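*Asks:* Dumping the structure here so I can ask a few things about it.
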Amino acid sequence: MSLSVLSDSPAPARWIARSGALAVATGGAFLLWVLVLQLLRGDLSWTRAQLSLYLHGPYGLSLRVAYCLLALSMSLQAIALQASLSPRARSGVVLGLFWASALGLASVAIGDSYLPQYAPNLAPAVHLLSAQAAFLCVIAAICLQSWYFRRDVRWQAHARRAGWLAAVAFAVLFAHVVLRWGPRGLGQKSAIVLIVAWLIGVGVQLARDPGAAPVARSRDNANEPTREEP
């Protein structure tokens with residue numbers, strides 16, 4: 001699978017760095033607002049109430065907007081990351097997983113804005129499927145990309161940190177969804193914090209060292225001829 005969103009010319013390092021900075025700012029603001037909502041929404045238990053319950057009621061609109069902004073930022077960050085990586089560390093599958101997760105996240109926010117009123121019987125199914133798609137796709141994306149980081153010399157130092165963070169996020173999400181350990185709200189929020197923290201960490205690396213790679217190939221095209229960097 002080729003990365004058609006990337007050109008064969010050198011990727012613009014400035015754009016990559018700005019996408020990384022945007023991911024850091026958006027992710028940080030999202031986590032901060034989620035934390036503030038735990039204080040503002042005294043009607044909800046921060047350990048038992050999952051974040052989806054905060055999408056309705058006081059400040060619900062602000063959280064739905066935050067979901068959409070995070071989804072947009074994640075989509076742009078995924079493109080920038082693939083452009084920054086060396087050809088052997090790129091993956092069209094990872095890019096697609098990030099986009100699918102962003103679509104699921106935005107669908108949760110948009111669906112919860114209109115469907116409860118206009119299609120109340122459909123709303124729960126759309127929310128459930130969208131939320132599950134968002135979680136499953138993003139956790140697969142960060143785990144796979146953390147593994148592929150080892151193929152890029154510039155990202156090898158970050159690979160171990162990213163890998164551990166992705167592994168812990170996977171473990172927390174598995175315990176929450178499959179094993180159903182602990183309070184429902186605390187488990188889900190912990191997984192979200194870890195995932196967004198991974199995105200912020202990668203955003204920091206992109207902002208510091210965009211390293212625009214000139215070859216628009218993914219590891220999924222490993223057998224196709226490529227133009228190596230001089």
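Coordinate-derived values only; no laboratory data. Since this is a predicted model, take the numbers as computed values, not measurements. Cβ coordinates were reconstructed from backbone atoms using ideal geometry, including for glycine residues, and neighbour counts include every protein chain displayed.
*Asks:* For a quick check: sort W15, W155 by the number of other beta carbons within 10 angstrom, fewest at the front.
*Replies:* Going from least to most buried by this count: W15, W155.
*Asks:* How far apart, in nm, are the 7 Å Cα→Cβ label points at L40 and A197?
*Replies:* 2.4 nm
*Asks:* Related question: Output the relative contact order of the chain, whole-number percent, from Cα pairs under 8 angstrom with separation of 6+ residues.
*Replies:* 37 percent.
*Asks:* Right, another one. Using only DSSP helix segments of four residues or longer, with each worth -39500 (n - 2.57), what per-residue ellipticity at 222 nm results for the chain after dividing by its residue count and rounding to 500? Don't skip to the answer; put the middle values down first.
*Replies:* On the way: 6 runs with 150 residues, N = 230.
For the chain, the value works out to -23000 deg cm²/dmol.
*Asks:* Kindly identify segment 13-220 as rounded, prolate or oblate by the Cα gyration tensor criterion: order the square roots of the eigenvalues as a ≥ b ≥ c, call it rounded if a/c is under 1.5, otherwise compare a/b with b/c, prolate if a/b is larger, else oblate.
*Replies:* prolate
*Asks:* For labels at R184 and W147 in the simple 7 Å Cα→Cβ model, what's the distance in nm?
*Replies:* 3.2 nm
*Asks:* Mind checking which of S146, S91, S113 has the largest fluctuation in a GNM of the chain, springs on alpha carbons under 10 Å?
*Replies:* S113
*Asks:* Sticking with this one: What is the fewest-to-most order of D112, D43 by other Cβ atoms lying within 10 Å of their Cβ?
*Replies:* D43, D112
*Asks:* Okay, moving on. Quick one: length gained pulling V65 to L128 fully straight, 0.36 nm per residue minus the C-alpha distance?
*Replies:* So the extension gain works out to 20.8 nm.
*Asks:* With each label point set 7 Å from Cα along the Cα-Cβ vector, what nm distance links R161 and R14?
*Replies:* A separation of 2.7 nm, rounded to one decimal place.
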